[in-house]
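These notes concern the structure reproduced below.
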Amino acid sequence: MKIRRLTTYHAAPRWLFLKIETDEGITGWGEPVVEGRARTVEAAVHELGDYLVGQDPARINDLWQTLYRGGFYRGGPVLMSAIAGIDQALWDIKGKALGVPVYQLLGGLVRDRMKTYRWVGGDRPAELVEQIRGYRAQGFDTFKFNGTEEMRLVDSPRAIDAALAKVAAVRDAFGDSVDFGIDFHGRVGAPMARVLLRELEPYRPLFVEEPVLPEQAEYYPQLAAASAIPLAAGERMYSRFEFKRVLQGGGLAILQPDLSHAGGISECLKIAAMAEAHDVALAPHCPLGPVALAACLQVDFVSHNAMLQEQSIGIHYNQGADLLDYVANREDFACEDGCIRALPLPGLGVVIDEDRLRHAHANPPDWRNPVWRHADGSVAEW
């Protein structure tokens with residue numbers, strides 16, 4: 001079997017799909033994207049395609065190493081996201097060629113179903129109780145929401161109180177019947193992170209995500225030593241080498257690599273194993289589309305330390321399309337009591353509605369994340 005062609009499709013809300021075709025008619029799908037930089041990643045995919053066309057798609061390890069090590073300059077969000085989507089598609093082809101789900105090629109299931117959670121509250125956390133109440137009726141009991149809006153490096157007690165009030169309202173409304181993670185989203189600097197973590201402890205969040213920006217990772221062990229709340233991070237780390245340094249430094253209880261950013265299935269399997277060796281849980285980041293989620297689930301179902309899976313049904317970014325809009329086998333992604341069962345079909349287990357995807361590709365949005373500013377006019381972290 002040989003690779004014949006790589007085709008990319010942009011689609012609402014902010015996704016990029018990759019189709020890899022072979023000379024035997026087997027097609028693989030991937031989702032290589034950096035949110036807000038889809039066209040940049042698309043260009044990287046097609047540059048890397050020169051290494052792929054005419055090659056045997058079954059040699060995933062060799063192709064991955066060629067894509068990574070074949071260029072003198074490597075790593076980073078754009079190149080690793082391009083490799084990630086290609087890697088997903090290659091695993092999809094291999095599973096389809098052999099007639100089994102990817103997780104069977106990786107040693108088989110370690111669990112029967114994977115716990116997921118629902119996003120609530122949007123970029124500026126609001127209406128948390130109302131949204132959680134609605135999702136509770138659908139069987140979900142685990143949620144995540146943003147912890148703050150803009151926050152200065154050293155901010156006022158009023159900003160702390162505003163963040164705490166939202167968390168307190170959730171705990172008051174639902175008691176211990178729900179679990180929730182709080183995403184600081186890199187909006188909080190180290191001085192205020194220490195204060196917020198201390199004040200949040202009585203509300204017992206499941207975790208706090210990106211307590212500081214990843215470039216301030218040296219603060220993870222200090223913050224962990226000062227708080228009983230488990231800390232999570234990883235969506236803006238792109239290879240096992242970045243995760244190696246963070247794991248060596250300590251402080252994180254949960255790693256959150258993104259299967260569309262951190263080199264795909266091949267790389268994230270290694271990251272998951274590294275985390276397990278450090279007694280750290282795995283919760284893949286995935287506010288993206290169906291191929292990205294399917295790839296995450298393949299890793300979740302073979303990783304003993306996988307604890308929770310993000311998924312984007314109804315997420316506030318999904319304007320113009322939702323998670324399953326381009327999926328023909330939606331029933332396989334059904335959430336029962338907040339869990340998804342192992343996808344049964346060969347490959348990644350997702351069947352793309354290509355007609356609908358082509359229609360979406362005709363007029364896709366160029367999504368950009370908002371640029372926030374503090375009251376003094378300086379740029380704030382979004």
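Can you give the accessible area of Val371 in Å² (nearest 10), computed on protein heavy atoms with a 1.4 Å probe?
Approximately 110 Å² of Val371 is accessible to the 1.4 Å probe.
Arg37 accessible area, nearest 10 Å², 1.4 Å probe?
Roll a 1.4 Å probe over it and Arg37 shows about 120 Å².
With springs only between Cα atoms under 10 Å, which of Ser177, Ser260, Ser81 fluctuates most in a Gaussian network model of the chain?
Among Ser177, Ser260, Ser81, the largest GNM mean-square fluctuation belongs to Ser177.
Where Rh is the Kirkwood radius over the Cα pairs of segment 238-382, the temperature 20 °C and the viscosity 1.002 mPa s, what D in µm²/s does Stokes-Einstein return?
126
Kindly write out, for segment 172-186 in residue order, the coupling ³J(HN,Hα) from the Karplus curve 6.51 cos²θ - 1.76 cosθ + 1.60 (θ = phi - 60°), rounded to whole Hz, with x marking Gly and Pro.
Ordered by residue, 3J(HN,Hα) equals 5, 6, 10, x, 9, 7, 10, 10, 8, x, 10, 9, 6, 6, x Hz.
Quick check for you: with a 1.4 Å probe and neighbouring chains kept, what is the accessible area per residue of the chain, in Å²?
Per residue, the chain has 40 Å² of solvent-accessible surface.
Mind listing the phi-derived Karplus ³J(HN,Hα) values for segment 17-34, rounded to whole Hz, using 6.51, -1.76 and 1.60 with θ = phi - 60°, and x for any glycine or proline?
10, 10, 10, 10, 9, 10, 6, 9, x, 8, 10, x, 10, x, 9, x, 7, 10
I need the shape label for segment 213-281. Rule: rounded when a/c is under 1.5, else prolate if a/b > b/c, else oblate, with a, b, c from the alpha carbon gyration tensor.
Here segment 213-281 falls in the prolate category.
Please say if the chain is rounded, prolate or oblate, where rounded means a/c under 1.5 for a ≥ b ≥ c the square roots of the C-alpha gyration tensor eigenvalues, and otherwise the choice is prolate for a/b larger than b/c and oblate otherwise?
Prolate, since a/c reaches 1.5 and a/b exceeds b/c.
For Arg236, Arg14, Arg330, write out the residues from largest to smallest accessible area, computed with a 1.4 angstrom probe and no ligands counted.
Final ranking, largest accessible area leading: Arg330, Arg236, Arg14.
Quick one: grab the alpha carbon gyration tensor of segment 49-130, order the square roots of its eigenvalues as a ≥ b ≥ c, and give me rounded if a/c is under 1.5, else prolate or oblate depending on whether a/b is larger than b/c.
Verdict is oblate for segment 49-130.
If I build a Gaussian network model for the chain, linking alpha-carbon pairs within less than 10 angstrom, which residue out of Leu48, Leu282, Leu79 has the largest mean-square fluctuation?
Leu48
Could you work out which residue, out of Ala272, Ala360, Ala262, moves most in a Gaussian network model of the chain, that is, has the largest mean-square fluctuation with Cα springs under 10 Å?
Ala360
What is the percent carbon and sulfur in the accessible area of the chain, measuring with a 1.4 Å probe over the protein chains and ignoring ligands?
It is 48 percent, rounded to a whole number.
What figure in square angstrom, to the nearest 10, would you give for the accessible area of Phe241 with a 1.4 Å probe?
70
Which cross-chain or sequence-distant (5 or more) residues have an amide H under 5 Å from the amide H of Arg5, H modelled 1.01 Å from N in plane?
For Arg5, the qualifying residues are Glu21.
Could you pull out every residue, at least 5 positions away or on a different chain, whose amide H is within less than 5 Å of the one on Leu323? Hs are placed 1.01 Å off N in the peptide plane, and Pro or chain starts have none.
Excluding prolines and chain starts, which carry no amide H, the hits are Gly314.
Short version: ³J(HN,Hα) in whole Hz for each residue of segment 266-283, in order, from phi by Karplus 6.51 cos²θ - 1.76 cosθ + 1.60 (θ = phi - 60°), x for Gly and Pro, what are they?
With the stated coefficients, segment 266-283 comes to 4, 6, 6, 4, 5, 5, 4, 5, 4, 4, 4, 5, 9, 6, 10, 7, 10, 9 Hz.
What 222 nm value per residue comes from the helices of the chain, counting each DSSP H run with n ≥ 4 as -39,500 (n - 2.57) and dividing by all residues, nearest 500 deg cm²/dmol?
About -11000 deg cm²/dmol.
How do 18-28, 335-345 rank on mean C-beta neighbours within 10 Å, highest first?
Going from most to least packed, we get 18-28, 335-345.
Quick check on my link table: of Lys19/Lys144; Lys115/Lys270; Lys2/Lys96, which ones sit more than 25 Å apart, alpha carbon to alpha carbon?
Lys19/Lys144
The values are calculated or read from the model by the stated rules, or taken from the named source; none is laboratory data. All values reported here derive from a predicted model rather than from experimental measurement. Cβ: placed from backbone, ideal geometry, glycine included. Neighbour counts: every protein chain shown. Surface areas here come from the heavy atoms of the whole protein model, side chains and all, with no ligands, DNA or RNA. Shrake-Rupley method; radii C 1.70, N 1.55, O 1.52, S 1.80 Å.
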